[in-house]
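Colleague: Below are the structure tokens for one structure; questions will follow.
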Amino acid sequence: MIAGLSWRRHIADRVTARVVGLGGGAIIGAITLIFFYLLWVAAPIFRSADLHELGVSPLPLDSIIAVGTNDSVESLYAIDANGSISFVDPDTGALQRSEQLTPYPLAAVRLVFPTSDTYALVGADGTATFVRVWFRRRFDGDIGYLESHVDHLFGGDPFRLGGIPARAADDHPVTGQGSRFDFYLDESVLRIAALDQEGRIRLWQFERVDDTLSFPRSEDLIPRTRVDRIDFGPRGRWLFAAGIEGTVTLHDITDLDAVARTWSGRLVPDGAELLVMEPLLGRYSLMAADGNGLLTQWILRAGPHGTTLVAARSFEFDAPVTALVTEPRRKGMMVLDGQGAMHLVHTTSERYLASLPTGLTQPTLGVFSPRSDRIFLAMPDGDLHRYAVINHHPEISWSALWEKVWYEGYPEPVHSWQSSSADNDFEPKFSFSPLLFGTLKAAFFAMLFATPVAVMGAVYTGYFMAPSMRRWVKPGIEIMAAMPTVILGFLAGLWFAPLVEQNLAAVLSLFFAVPVCMLVFAWMWHLLPVRMTEPFDGWFAAISIPVLVLSAWGVFALDAELERLLFGGDARAWFLATLGLGYDQRNALVVGIAMGMAVIPVIFAISEDAIHGVPRHLTTGSLALGATHWQTLTRVVILTASPGIFSALMIGLGRAVGETMIVLMATGNTPLMDFNIFQGMRTFAANIAVELPESEVGSSHYRLLFLAALVLFLITFFINTCAELVRQRLRTRYGSL
């Protein structure tokens with residue numbers, strides 16, 4: 001009989017061991033698969049770009065002065081000096097159709113800023129006509145075909161710009177075709193800038209009503225230096241006037257009645273010639289290249305003395321830059337140097353993405369396709385050189401993710417996360433630093449609140465509390481761990497945050513007043529005769545609940561007096577004026593308390609089990625040798641239970657680092673790098689929850705969110721690994737007690 005029971009027990013033990021082992025292996029396997037899946041999705045953002053030639057197509061056209069394509073690069077259009085537009089096959093150069101745009105020859109064609117499909121056609125006498133080129137896909141049954149269209153804007157009537165001549169294209173990249181003119185068009189206004197024969201800048205402004213123009217206004221600007229090229233700045237509010245000697249002046253033309261020159265300076269070193277200048281997407285930046293192969297980005301910066309241009313970053317090449325083509329939808333560009341090498345670079349990430357020797361040095365025209373997956377270079381002999389571009393994530397680099405970056409519109413380099421905007425000229429900001437900072441900030445304040453409450457509560461419950469009371473308290477606190485954090489976040493954001501804002505002095509005073517009241521009550525309890533306190537041994541926590549409630553109520557009742565006494569009547573104004581700490585309603589204080597309430601049950605349960613599990617012979621032996629309860633607690637119980645307490649703290653920290661709903665609902669979700677307890681933050685987990693549903697699958701933003709998840713995974717893995725190593729050392733050191 002005994003042998004049979006032993007055999008069954010042996011079988012049960014082996015089956016249990018196998019099941020536990022398989023479960024543990026499955027968990028490890030699942031975690032490993034999650035890690036590799038996150039890595040698989042995020043890895044493509046670190047791949048380098050690829051640039052290779054597709055071929056050369058002879059164009060059946062002469063004197064091409066503008067080139068463009070449709071989104072899918074199925075049709076390429078070219079505008080020639082005879083005033084006609086031709087649509088050709090971009091691969092073969094075969095003519096698809098042509099159309100005459102103007103009855104007169106053209107001296108220049110300029111893409112109207114900020115559009116991507118509207119052109120200003122300028123005749124030799126300064127006459128300007130506006131056309132829009134667009135495509136539409138039509139279907140005949142299951143067969144689709146592409147239609148090309150050209151619309152003449154503003155009734156097709158030409159504008160005569162006061163007899164200002166249009167200079168034909170010359171060999172200098174800065175003063176090439178169209179450099180004497182620029183055009184800005186939005187839904188309400190058309191602005192035209194032109195250089196007259198005397199080098200003066202003329203401005204026209206037309207109020208736009210539907211497809212007509214009215215109320216023309218003009219203004220003369222007389223720069224102090226020679227002007228060879230003009231460009232409108234962002235939103236048509238600024239005007240850049242540059243000369244080939246390297247000097248550029250910046251004009252504020254928001255109001256034509258109060259035009260002002262706000263800055264003048266050199267884009268290249270003294271004595272150097274400005275070889276190439278092009279504005280980037282949105283025209284918040286100018287790219288300027290000198291004869292030494294240095295390409296510099298100059299950014300508009302608002303300062304105390306007005307808006308200026310400041311050099312933000314530079315790119316160096318082995319030979320002088322001869323041509324520069326900017327991307328239509330990103331802050332990248334193609335650079336062609338004097339040795340015939342083509343380079344892809346991106347400003348925000350400061351990356352040299354790809355290079356390709358082409359043997360070409362002076363193309364007539366260069367253009368990116370709308371999706372930046374093709375580059376077309378038109379040569380003087382009529383050949384069209386085609387290049388394929390594989391460059392999906394140029395804005396990502398180690399420096400862009402973790403270091404300070406000088407973004408357009410910022411006065412200095414900063415850490416910033418801003419993944420989207422309603423502005424098409426937006427420069428994505430993908431810095432992980434504020435997200436990491438926010439994650440650690442939220443976890444720090446949560447642990448700062450939760451650790452003393454949870455650990456001290458566990459010490460009292462596991463060592464001092466009466467067994468009958470412990471049977472009620474411990475399950476009650478542990479069941480709090482099952483509460484959905486969305487409820488805590490809801491209460492924190494909609495109830496607790498306004499409560500803290502309205503009673504800030506009382507809330508801050510609670511952290512001092514309540515412990516003092518409890519200590520005074522404990523001291524008074526200690527003074528009572530033993531015969532009165534002995535029957536309540538182990539029930540002190542229950543007896544002190546009224547003291548806790550009354551002290552908290554008293555502090556809130558005295559909120560106005562406390563605010564007047566401590567903070568001069570306005571706590572938020574006092575913190576701002578005295579310590580420079582601004583106050584947001586949803587801040588780290590609210591998050592720390594709310595998240596602390598979510599972390600407390602986890603830390604309490606594990607710590608209490610560790611303390612209560614200390615062998616009784618250790619505590620009784622210590623007491624028998626004359627030690628007091630406090631000496632036994634500090635020198636025996638705490639040391640023996642330290643591995644479990646430390647594990648509880650690390651598990652609580654991991655829980656705080658990965659928390660989503662509370663920080664999502666109880667903070668402003670602003671990616672700030674400010675340790676101010678009265679300011680909000682954005683964490684990795686909350687950022688992923690907010691932005692992943694709205695991100696485009698396969699985009700840089702999408703893959704970066706998976707990279708953020710991978711970083712969060714590695715942080716928690718590191719915390720848990722360190723916790724296990726420390727726990728094992730503590731267990732080895734104090735396990736023999």
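Yes/no per residue for (1) touching a helix residue (DSSP H, G or I) at 6+ places or on another chain (Cβ under 7 Å); (2) part of a helix (DSSP H, G or I); (3) modelled with pLDDT under 90:
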| position | (1), (2), (3) |
| --- | --- |
| Gly569 | yes, no, yes |
| Val599 | yes, yes, no |
| Ile611 | yes, yes, yes |
| Gly621 | no, yes, yes |
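Colleague: Restricting attention to region 638-661, which residues are assigned to a helix (DSSP H, G or I) and within 15 Å of Leu448 (Cβ to Cβ)?
Modeller: Residues of region 638-661 assigned to a helix (DSSP H, G or I): 638-657, 661.
Within region 638-661, Leu649, Gly652, Leu653, Arg655, Ala656, Val657 qualify.
Colleague: A follow-up question, please. Is it the case that Ala482 is open to solvent by 30 Å² or more (accessible area, probe 1.4 Å) and small (Gly, Ala, Ser)?
Modeller: It is true that Ala482 is open to solvent by 30 Å² or more (accessible area, probe 1.4 Å) and small (Gly, Ala, Ser).
Colleague: When Ala627 is evaluated against the numbered criteria (1) closer than 30 Å to Val500 by Cα; (2) free of Cβ contacts under 8 Å to residues at least 12 places away in the same chain; (3) of a type outside the set (Lys, Arg), which criterion, by number, is the only one it fails?
Modeller: If we test Ala627 against (1) closer than 30 Å to Val500 by Cα; (2) free of Cβ contacts under 8 Å to residues at least 12 places away in the same chain; (3) of a type outside the set (Lys, Arg), just (1) comes out false.
Colleague: Would you tally the residues in region 190-199 being under 18 Å from Leu256 (Cα atoms) and open to solvent by 20 Å² or more (accessible area, probe 1.4 Å)?
Modeller: Residues in region 190-199 being under 18 Å from Leu256 (Cα atoms) and open to solvent by 20 Å² or more (accessible area, probe 1.4 Å): 1 in total.
Colleague: Find the residue count for region 261-292, including only residues that are touching a helix residue (DSSP H, G or I) at 6+ places or on another chain (Cβ under 8 Å) and assigned to a loop (DSSP other than H, G, I, E, B).
Modeller: Final tally of qualifying residues: 1.
Colleague: Among the residues of region 40-51, are any at pLDDT 90 or above and in a strand (DSSP E or B)?
Modeller: yes
Colleague: If you check Ser116, Ser57, Ser84, Ser72, which single one turns out to be among the small types (Gly, Ala, Ser), under 27 Å from Met342 (Cβ atoms) and touching an Asp or Glu at 6+ places or on another chain (Cβ under 7 Å)?
Modeller: None of the other options fit; the residue is Ser57.
Colleague: Looking at region 313-342 only, could you name the residues that are open to solvent by 30 Å² or more (accessible area, probe 1.4 Å) and closer than 24 Å to Phe430 by Cα?
Modeller: Across region 313-342, the qualifying residues are Ser314, Thr326, Pro328, Arg329, Arg330.
Colleague: Only one residue in Asp270, Asp252 is of a type in the set (D, E, K, R), open to solvent by 30 Å² or more (accessible area, probe 1.4 Å) and without any contact (Cβ under 8 Å) to a residue 40 or more places away in the chain. Which one?
Modeller: Of Asp270, Asp252, the one residue that is of a type in the set (D, E, K, R), open to solvent by 30 Å² or more (accessible area, probe 1.4 Å) and without any contact (Cβ under 8 Å) to a residue 40 or more places away in the chain is Asp270.
Colleague: Among the candidates Arg138, Arg110, Arg97, single out the residue that is open to solvent by less than 50 Å² (accessible area, probe 1.4 Å), charged (D, E, K, R) and either assigned to a strand (DSSP E or B) or closer than 26 Å to Asp196 by Cβ (or both). I'd like the intermediate steps shown before the answer.
Modeller: On the way: Arg138 fails: open to solvent by less than 50 Å² (accessible area, probe 1.4 Å); Arg97 fails: open to solvent by less than 50 Å² (accessible area, probe 1.4 Å).
Step by step, each of Arg138, Arg110, Arg97 is checked, and only Arg110 is open to solvent by less than 50 Å² (accessible area, probe 1.4 Å), charged (D, E, K, R) and either assigned to a strand (DSSP E or B) or closer than 26 Å to Asp196 by Cβ (or both).
Colleague: Identify, by number, the condition in (1) assigned to a loop (DSSP other than H, G, I, E, B); (2) within 19 Å of Leu356 (Cβ to Cβ) that Asp62 doesn't meet.
Modeller: (2)
Colleague: Now, a different point. Which one of these is within 24 Å of the chain's Cα centre (by Cα) and at pLDDT below 90: Ala311, Ala302, Ala272?
Modeller: Ala302
Colleague: Has region 408-424 got at least one residue that is open to solvent by 20 Å² or more (accessible area, probe 1.4 Å) and either assigned to a strand (DSSP E or B) or of a type in the set (Lys, Arg) (or both)?
Modeller: Yes, because at least one residue in region 408-424 is open to solvent by 20 Å² or more (accessible area, probe 1.4 Å) and either assigned to a strand (DSSP E or B) or of a type in the set (Lys, Arg) (or both).
Colleague: Given (1) in contact with a Pro (Cβ under 6 Å, 6 or more places away or on another chain); (2) open to solvent by 10 Å² or more (accessible area, probe 1.4 Å), identify the lone condition not met by Leu76.
Modeller: Of the numbered conditions (1) in contact with a Pro (Cβ under 6 Å, 6 or more places away or on another chain); (2) open to solvent by 10 Å² or more (accessible area, probe 1.4 Å), the odd one out for Leu76 is (2).
Colleague: Among the residues of region 299-312, what is the count of those that are open to solvent by 20 Å² or more (accessible area, probe 1.4 Å) and in contact (Cβ under 8 Å) with a residue 40 or more places away in the chain?
Modeller: 7
Every residue, every condition in (1) at pLDDT 85 or above; (2) closer than 30 Å to Ala689 by Cβ; (3) in contact with a Leu (Cβ under 6 Å, 6 or more places away or on another chain); (4) not charged (D, E, K, R), yes or no:
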{"site": "Ala492", "(1), (2), (3), (4)": "yes, yes, no, yes"}
{"site": "Phe512", "(1), (2), (3), (4)": "yes, no, no, yes"}
{"site": "Phe521", "(1), (2), (3), (4)": "yes, no, no, yes"}
{"site": "Phe536", "(1), (2), (3), (4)": "no, no, no, yes"}
{"site": "Ala541", "(1), (2), (3), (4)": "no, no, no, yes"}
{"site": "Pro546", "(1), (2), (3), (4)": "yes, no, no, yes"}
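Colleague: Which one of the conditions (1) over 17 Å from Ala241 (Cα atoms); (2) open to solvent by less than 20 Å² (accessible area, probe 1.4 Å); (3) assigned to a loop (DSSP other than H, G, I, E, B) does Leu295 fail to meet, given that it meets all the rest?
Modeller: (3)
Colleague: On the basis of being touching a strand residue (DSSP E or B) at 6+ places or on another chain (Cβ under 6 Å), without any contact (Cβ under 8 Å) to a residue 60 or more places away in the chain and of a type in the set (A, V, I, L, M, F, W, C), does Ile79 make the cut?
Modeller: yes
Colleague: Could you check region 432-469 and list, in sequence order, the residues that are open to solvent by 40 Å² or more (accessible area, probe 1.4 Å), more than 35 Å from the chain's Cα centre (by Cα) and in contact (Cβ under 8 Å) with a residue 40 or more places away in the chain?
Modeller: Val453, Tyr460, Tyr463, Phe464, Pro467
The values are calculated or read from the model by the stated rules, or taken from the named source; none is laboratory data. This is a predicted model, so every value here is computed, not measured. Positions of Cβ are generated from backbone atoms using ideal geometry, with glycine treated the same way; all protein chains shown enter the neighbour counts. All accessible areas refer to the heavy atoms of the entire protein, side chains included, with ligands and DNA or RNA removed. Shrake-Rupley method; radii C 1.70, N 1.55, O 1.52, S 1.80 Å.
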